[in-house]
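*Asks:* Here's a structure for you.
The values are calculated or read from the model by the stated rules, or taken from the named source; none is laboratory data. The shown structure was predicted, so the numbers you read here are calculated from the model rather than taken from an experiment. Cβ sites come from the backbone with ideal geometry, for glycine too, and all protein chains shown count toward neighbours. For the accessible areas, the whole protein counts, side chains as well, though only heavy atoms, and no ligand, DNA or RNA atoms are used. Shrake-Rupley method; radii C 1.70, N 1.55, O 1.52, S 1.80 Å.
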Amino acid sequence: MASENIIEEKKQGQALITEQKDDNSKLLFIESFGCQMNLNDSEIVASILADEGFNTTSHLEDADLVLVNTCSIREKAEQTIRKRLQKYNRVKRINPNMKIGVLGCMAERLKTKFLEEEKMVDLVVGPDAYRDLPNLVREVESGKDAINVILSKEETYGDVSPVRLNTNGVSAFISITRGCDNMCTFCVVPFTRGRERSRDPQSIIKEAQDLWDKGYKEITLLGQNVDSYLWYGGGLKKDLKNASEIAQATAIDFAHLLEIVAITLPKMRIRFATSNPQDMRINVLHSMAKHDNICKYIHLPVQTGSSRMLERMNRQHTREEYIKLIDEIHEILPECAISQDMIAGFCGETEQDHKDTLSLMEYVKYDFGFMFAYSERPGTPAAKRMEDDIPMETKKRRLSEIINLQQKHGLYRMKQFVGKTVEILIEGNSKKSDEHWMGRNSQNAVAVFPKGNEKIGNLVMVKIKDCTSATLIGTRI
Ligand code: SAH
Ligand code: F3S
């Protein structure tokens with residue numbers, strides 16, 4: 001799993017395809033890099049452009065409009081996208097009418113630089129400005145460059161019904177918040193995605209209900225920091241004058257939202273990401289315990305096991321507080337899987353800090369992990385105030401120690417399922433064989449088993465006979 005996640009970053013973006021409208025005459029090639037939120041944003045963009053006459057295509061050469069939804073989280077992600085832009089420009093030489101646009105975090109971060117210095121694109125649109133796409137595309141079609149990267153305080157796309165791209169028809173994402181107010185010192189997200197906004201719960205429930213009606217069986221509620229979800233009528237939290245105003249406004253927090261969704265759709269499997277240790281409250285664990293349809297899996301990034309580093313990262317909690325939260329999860333949800341994000345070699349990290357990370361991992365024994373070497377991002381508090389002083393070699397060595405340990409723990413966790421019977425939601429064919437189904441259990445572990453007369457989207461009981469560090473192997477019972 002660990003190495004798979006690292007490969008993830010190097011992987012090409014996905015060319016995204018959706019259902020086609022008969023009267024649409026123009027072709028859109030859209031590719032998405034980075035997080036799940038970006039993929040969901042691309043679905044919103046495809047929906048907005050379907051109303052403007054665009055059908056999606058998987059053939060770059062045929063496209064009238066090429067859009068790439070970009071990620072700025074690490075330097076490597078940006079380099080990958082630059083290479084894609086060069087490729088688009090080579091195709092454009094053959095098809096000069098083709099227009100190229102960049103969406104998402106890199107658009108927000110680099111703004112006019114793409115148009116003025118690099119001349120690689122015709123269109124630059126930040127994550128909050130997709131509603132303006134029809135106007136911007138028209139400008140570009142009339143031969144002008146177009147740009148909108150204004151960060152909004154209100155935009156949640158609550159009323160846009162995303163068209164599902166490259167879907168398996170079983171699981172889908174629903175964004176519940178946008179932006180982040182946390183200001184971890186290493187992170188570019190608050191700068192590219194702006195202040196945190198929560199989406200109207202009614203529009204979330206409507207979207208979930210629509211997905212159920214279309215046959216979807218699993219939704220993932222998405223936000224940079226889902227635990228800080230708070231609906232009190234819209235707008236920014238900081239605009240409320242005092243805390244009692246929140247209480248009076250019959251606010252809905254994340255635990256409450258989870259319960260509403262779980263009760264409204266009792267047969268839908270519900271997942272969520274990402275949880276932030278400093279904002280996660282115990283009532284979320286109780287909501288999870290109460291409802292079987294909320295999956296027992298929490299992605300709880302910690303970044304480092306050293307309290308000193310946590311402080312430098314402005315994570316607002318200590319190692320001890322994190323351990324206490326882990327203990328509470330195990331107590332309230334004994335079957336819950338937990339995964340991490342870790343950063344190796346943040347500014348000033350000593351060998352002892354690194355050992356603290358490894359010892360925290362030994363304590364938790366995470367089921368899965370997403371691990372990275374620190375990559376300085378221009379404009380972040382760390383870039384402004386701290387020295388990126390850990391040599392690349394050291395970062396890489398520490399990262400590989402973290403990855404190796406995670407692989408050991410991943411296998412340990414998978415082995416706990418051997419001999420047990422687990423409920424699997426069938427997502428499609430196994431990658432390795434058409435004669436096997438692939439699906440996941442509540443804890444998000446992938447399982448494969450020989451096909452019988454089941455269908456994609458069925459929930460079935462599977463007895464686990466064996467495993468690797470990434471896959472459970474079983475038979476239907
Ligand atoms: N809360 C967000 C975090 C987004 S960034 C979420 O929804 O997951 C995802 C992960 O990328 C972070 O948890 C962190 O481990 C990693 N990351 C962020 N900035 C980084 C940087 N500058 N260098 C290396 N890794 C970084
Ligand atoms: Fe980034 Fe920290 Fe928010 S990692 S997305 S600033 S919670």
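*Asks:* Please identify which residues in region 333-358 have an amide N closer than 15 Å to a label point set 7 Å out from the Cα of Asn404, following the Cα→Cβ vector.
*Replies:* 355, 358
*Asks:* So if we plug the beta-carbon distance of Glu139 and Asp292 into 1/(1 + (r/R0)^6) with R0 = 41 Å, what FRET efficiency do we get, rounded to 0.05?
*Replies:* Numbers: r = 51 Å, r/R0 = 1.24.
It comes to 0.20.
*Asks:* Taking H as built 1.01 Å from N, whose amide H comes closer than 5 Å to the amide H of Ala337, not counting residues under 5 places away?
*Replies:* For Ala337, the qualifying residues are Tyr297, Ile298.
*Asks:* Go through 192-199, 335-342 and give me the packing order, highest mean Cβ count within 10 Å leading. Write down the numbers at each step before the final one.
*Replies:* Values: 192-199: 23.1, 335-342: 20.5.
With the highest mean Cβ count within 10 Å placed first, the list reads 192-199, 335-342.
*Asks:* In nm, give the distance between the simple-model label positions of Glu376 and Ala251, each being 7 Å from the Cα along the Cα-to-Cβ direction.
*Replies:* Between Glu376 and Ala251, the simple spin-label model gives 3.8 nm.
*Asks:* Suppose only helical runs count, i.e. DSSP H with n ≥ 4. What mean residue ellipticity at 222 nm does that imply for the chain under -39500 (n - 2.57) per run, divided by all residues and rounded to the nearest 500 deg cm²/dmol?
*Replies:* -10500 deg cm²/dmol
*Asks:* Taking the Cβ of Val418 as the centre, find all other residues whose Cβ is under 13 Å away and add up their charges (Lys, Arg: +1; Asp, Glu: -1).
*Replies:* Values: positive: Arg413, Lys415, Lys420, Lys463, Lys465; negative: Asp466.
Here the count lands on +4.
*Asks:* In addition: Could you tell me the relative contact order of region 6-148? Use alpha-carbon pairs under 8 Å, at least six residues apart, and round to a whole percent.
*Replies:* On the way: 248 pairs, mean separation 29.5, N = 143.
Once divided by the residue count of region 6-148, the mean separation gives 21 percent.
*Asks:* Could I ask something else about it? I need the calculated FRET efficiency for the pair Lys365 and His436, taking r as the beta carbon distance and R₀ as 30 Å, to the nearest 0.05. Spell out each step's value before the answer.
*Replies:* On the way: r = 28 Å, r/R0 = 0.94.
Given R0 = 30 Å and the Cβ-Cβ separation, E is 0.60.
*Asks:* Can you give the FRET efficiency to the nearest 0.05 for Asp341 and Asn429, using r as the Cβ-Cβ distance and R₀ = 35 Å?
*Replies:* For Asp341 and Asn429, the calculated efficiency is 0.75.
*Asks:* Under a Cβ-Cβ limit of 4.7 Å, which cysteines in the chain have nobody to pair with?
*Replies:* Lacking a cysteine Cβ partner under 4.7 Å: Cys35, Cys71, Cys105, Cys180, Cys295, Cys336, Cys347, Cys467.
*Asks:* Can you tell me, using C-alpha contacts under 8 Å and at least 6 residues apart, the relative contact order of region 271-400 as a whole percent?
*Replies:* Working: 182 pairs, mean separation 33.2, N = 130.
Across region 271-400, relative contact order equals 26 percent.
*Asks:* Summing +1 for each Lys or Arg and -1 for each Asp or Glu, what net charge is found among the other residues whose Cβ lies under 12 Å from the Cβ of Lys455? Spell out each step's value before the answer.
*Replies:* Details: positive: Lys217, Lys451; negative: Glu427, Glu454.
Local net charge: 0.
*Asks:* Still on this model: Find out how many positive minus negative residues lie around Val163, taking Lys and Arg as positive, Asp and Glu as negative, among other residues whose Cβ is under 13 Å from that of Val163. Numbers along the way, then the final one.
*Replies:* Working: positive: Lys21, Arg164, Lys214; negative: Glu19, Asp41, Glu43, Asp51, Glu52, Glu207, Asp210.
So the surrounding residues net to -4.
*Asks:* How large is the accessible surface per residue of the chain, computed with a 1.4 Å probe and reported in Å² as a whole number?
*Replies:* Per residue, the chain has an accessible area of 44 Å².
*Asks:* Of the listed pairs Lys111/Lys365; Lys111/Lys324; Lys153/Lys267; Lys206/Lys296; Lys217/Lys415, which have alpha-carbon separations greater than 31 Å here? Intermediate results must be reported in sequence, preceding the final value.
*Replies:* Values: Lys111/Lys365 42 Å; Lys111/Lys324 42 Å; Lys153/Lys267 35 Å; Lys206/Lys296 24 Å; Lys217/Lys415 27 Å.
Check vs 31 Å cut-off fails for Lys111/Lys365; Lys111/Lys324; Lys153/Lys267.
*Asks:* Measuring from label point to label point, each 7 Å out along Cα→Cβ, what is the Glu351 to Val418 span in nm?
*Replies:* Spacing of the two 7 Å Cα→Cβ label points: 3.6 nm.
*Asks:* Moving on to the next point. Report the relative contact order of the chain, percent, no decimals, based on alpha-carbon pairs under 8 angstrom and at least 6 residues apart. It would help to have the intermediate numbers written out before the result.
*Replies:* Details: 973 pairs, mean separation 52.9, N = 477.
Relative contact order of the chain: 11 percent.
*Asks:* Let me ask something else. Quick check: at a probe of 1.4 Å, how many percent of the accessible area of the chain sits on carbon and sulfur atoms? Write down the numbers at each step before the final one.
*Replies:* Details: 10410 of 20760 Å².
So the carbon and sulfur contribution to the accessible surface is 50 percent.
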